[in-house]
1. If you rank Asp32, Asp93, Asp104, Asp142 by fewest surrounding Cβ atoms within 10 Å, what's the result?
2. Determine the gain in length on full extension of the stretch Tyr182-Glu120; use 0.36 nm per residue of separation and subtract their C-alpha separation, reporting nm with one decimal.
3. What distance in nm lies between label points placed 7 Å from Cα along the C-beta direction at Met8 and Lys47?
4. By counting other Cβ atoms within 10 Å of each Cβ, how are Glu19, Glu103 ranked from fewest to most?
5. Taking the dipole about the Cα centre of region 17-154, with the C-beta of Lys and Arg at +1 and of Asp and Glu at -1, give me whichever of Leu20, Val84, Leu60 is farthest to the positive side.
6. So how strong a dipole does region 17-154 carry about its Cα centre when Lys and Arg Cβ are +1 and Asp and Glu Cβ are -1, to the nearest 20 debye?
7. Test of understanding: in a Gaussian network model of the chain with alpha carbons linked when under 10 Å, which of Gly109, Gly96, Gly48 would top the mean-square fluctuation ranking?
8. Helix-only estimate, please: 222 nm mean residue ellipticity of the chain, summing -39500 (n - 2.57) across DSSP H runs of length 4 or more and dividing by its residues, to the nearest 500.
Amino acid sequence: MDAADIGMDLEKVLISEDELQAKISELAARIDADYAGEKLLIVGVLKGAVMVMADLARALRTPLEMDWMAVSSYGAGTKSSGVVRVMKDLDTDIAGRHVLVVEDIIDSGLTLSWLVHNLESRNPASVGICALLRKPDALKVDLDVKYVGFDIPNEFVIGYGLDYAERYRNLPFIGTLAPHVYGGAKS
Ligand code: 5GP
Ligand code: MG
Ligand code: MG
């Protein structure tokens, strides 16, 4: 599938399928080196992280288990409030485990800050963060994101797990939406 298949809804392709896959391989190699001799629990944050989890898990050589959490920021508006509700918790007891949280994108960083504190309270051996995308605001929060795929401009992106009103998650690349789709204003 390429840009032409979603036609006028797409403004541009920001990161191609090849670029995504190359970056995932690079991140996996770094993670494998850092966790050599350990076992990992990778935790995907639903739903956005499904694609990066699936590809990263297949690229990693470190022995691993996969688990999932679903969280939602509640509060009005399109920006996350930092008040987070757990919709689906882990199935795994993470005490003593090396946990790597896998996220699609960090914008304000509020969701992830909350999540990291929540996980740390369960006494894991470590909590690391891998985010495919990071927006400029994320640099304002005190969050040690060891593995970042791409720093991107402050634009609303879709594809490769990321949605607009639940659509476009299945695109194999990251793109931006044409303004007519979301009513004209930039995010
Ligand atoms: P934060 O708490 O870091 O502001 O919010 C992170 C969450 O907001 C992401 O996991 C994602 O669900 C959503 N989000 C932030 N920026 C974008 C974006 O550009 N596109 C999409 N589709 N979702 C985004
Ligand atoms: Mg997410
Ligand atoms: Mg969303």
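1. Placing the least packed residue first, the sequence is Asp142, Asp93, Asp32, Asp104.
2. So the extension gain works out to 18.6 nm.
3. Here the answer is 2.6 nm between the modelled labels.
4. Placing the least packed residue first, the sequence is Glu19, Glu103.
5. Val84
6. Working: 15 positive and 21 negative charges, 55 e Å.
In total the dipole reaches around 260 debye.
7. Gly96
8. So the helix-based figure for the chain works out to -7000 deg cm²/dmol.
FYI, it's all coordinate maths here, none of it is from the lab. Predicted model, so just to flag it, every value in this text is computed and none were measured. Don't worry about glycine lacking a Cβ; one is built from the backbone with ideal geometry, like all the others, and counts go over all protein chains shown.
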